[in-house]
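Presented below is the structure to which this report refers.
None of the figures in this text is laboratory data; all of them are computed from the coordinates on show. None of the values given here were measured: they were computed from a predicted structure. Because the Cβ atoms are built from the backbone with ideal geometry, glycine has one as well, and the counts that use them run over all protein chains shown.
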Amino acid sequence: MSDKELILLSTLEDIVFSIELILSRFEKIKSCDDFLEEDGLEKLDSISMRLIAIGEGFKNIDKLTNKTLLPNYPNIDWKGVKGIRDILSHHYFQLDAETIFEICDNHLEELLSVTNKMIIDIKGNIKNG
């Protein structure tokens, strides 16, 4: 296995860990207003930090693969996944709890599934290739 493949797999596994952590932290959040409750702001902050890490991870994967891997998985809005990192990083005080809720509630399960598929596909290509 090449260094590039090791870095790619490691990054994808880090992303899976972050998505699973977000989903765990999001479990008891039933509306965006829950982010305003007692422990809600802490959850909003920690989830936002992990979303930044995920976006950065996929930006690095795009660089590492010369933008050839992500287009193979068109069900995901990759521009949005990478873009949320920029919004959260550079405009943090304009953070919108509704947007974070919508991402967690509607998009993370599919992103987790696709990321796991990428890992399986890459390991299969390495094994066969």
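Data table
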read-out	value
3J(HN,Hα) from dihedral phi, the stretch 33-42, Karplus parametrisation 6.51/-1.76/1.60, rounded to Hz, x for glycine, proline	5, 4, 5, 9, 6, 3, 9, x, 5, 4
Gain upon complete extension [His91, Lys117; 0.36 nm per residue less C-alpha separation]	6.2 nm
R0 of 35 Å, Cβ-Cβ distance Thr99-Asn128: FRET efficiency to nearest 0.05	0.30
Estimated FRET transfer efficiency (Ile7, Tyr73; beta-carbon r; R0 25 Å; 0.05)	0.85
Cross-link reach list, lysines versus Lys4, counting only Cα pairs under 26 Å and skipping chain neighbours closer than eight places	Lys59, Lys63, Lys67, Lys79, Lys82, Lys117, Lys123, Lys127
Karplus 3J(HN,Hα) series, Hz, for the stretch 10-25 with 6.51 cos²θ - 1.76 cosθ + 1.60 (x for Gly, Pro)	4, 5, 4, 5, 5, 5, 4, 4, 5, 5, 4, 5, 4, 4, 5, 5
Rounded to the nearest 20 debye, dipole of the stretch 3-124 from Cβ charges on Lys, Arg, Asp, Glu	680
Global geometry of the chain, whether rounded, prolate or oblate, following the gyration tensor of its Cα atoms and the 1.5 cut on a/c	prolate
Estimated FRET transfer efficiency (Glu109, Lys59; beta-carbon r; R0 25 Å; 0.05)	0.70
Backbone HN-Hα couplings from phi across the stretch 67-72 [Karplus 6.51/-1.76/1.60, Hz, Gly and Pro as x]	6, 9, 7, 4, x, 6
